[in-house]
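The structure appears below as structure tokens.
The values are calculated or read from the model by the stated rules, or taken from the named source; none is laboratory data. Every value quoted in this text rests on a predicted model; they were computed, and no experiment measured them. We place every Cβ from the backbone using ideal geometry, glycine too, and count neighbours over all the protein chains shown. Side chains are part of the model used for accessible areas, which takes the heavy atoms of the whole protein and leaves out ligands, DNA and RNA. Shrake-Rupley method; radii C 1.70, N 1.55, O 1.52, S 1.80 Å.
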Amino acid sequence: MSTYVPNPIASSAANIRRARIRAGKSRAETAAHLALNPAWYDDLEQRDGELAATLTLFQGVALAELFGLRLADLFGETVPDGERMALPDLPERIRAHLTAAGISLEQFEEQLGWELGPFLAAPVQLSTELPIAFFQALAEALGVHWLLLVPDAS
């Protein structure tokens, strides 16, 4: 069996579909593994942006692992070199950013487009609820690549 090589030009939806087929999994089996209803899973294979907009980091990692891949592969990206950030360390990193930028939490939330108060209080718990898009936006605002926040990015 050949090694799966994600297409960096293809959409995440196409990469998910190709990876599922290559792994020999059915759509129903994959949806059940993620505890998603079939229609929700089908959206992941048919609509670009659904992966980031609707799955959490942990669900994305579980999906990739089901196919024998990393989350980066589903996005057609390569995990960059750089210092990884553990989820529990993000509140400290956010506060340091606020201090360095001379902005308030409210100003940063406005720039980011996400409310951060609950995340700052319980980053690991909220990481199980927030979509990948949250971490993509947060990482960009902090000046790091979002894949350095993904638990499987090593």
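A few notes on this one:
- Each peptide in 11-22, 104-115 receives the mean, over its residues, of other Cβ atoms within 10 Å, and ordering these scores from highest gives 11-22, 104-115.
- Each Cα pair under 8 Å and six or more residues apart adds its sequence gap; the mean of these over the residue count of the chain is a relative contact order of 28 percent.
- Between P118, A72, G82, the Cα set farthest toward the positive side of the dipole of the chain (charges on each charged residue's Cβ, about the Cα centre) is that of A72.
- 3J(HN,Hα) from dihedral phi, the range 100-115, Karplus parametrisation 6.51/-1.76/1.60, rounded to Hz, x for glycine, proline: 5, 7, x, 10, 7, 4, 4, 5, 5, 4, 5, 5, 6, x, 9, 7
- Along the range 128-139 the Karplus relation, 6.51 cos²θ - 1.76 cosθ + 1.60 evaluated at θ = phi - 60°, assigns HN-Hα couplings of 7, 10, 7, x, 3, 4, 4, 5, 5, 5, 5, 4 Hz to successive residues, with x for each Gly and Pro.
- Taking Cα centre as origin and charging only the Cβ of basic (Lys, Arg, +1) and acidic (Asp, Glu, -1) residues, the dipole magnitude of the chain rounds to 600 debye.
- For the range 13-56: relative contact order, % (alpha-carbon pairs under 8 angstrom, 6 or more apart): 44
- With all protein chains kept in place, the per residue accessible area of the range 89-153 amounts to 49 square angstrom at a probe of 1.4 angstrom.
- Length available on full extension from A121 to R84: 0.36 nm per residue minus the Cα-Cα distance, which gives 11.3 nm.
- Accessible-area composition of the chain, carbon plus sulfur, in percent [1.4 Å probe]: 51
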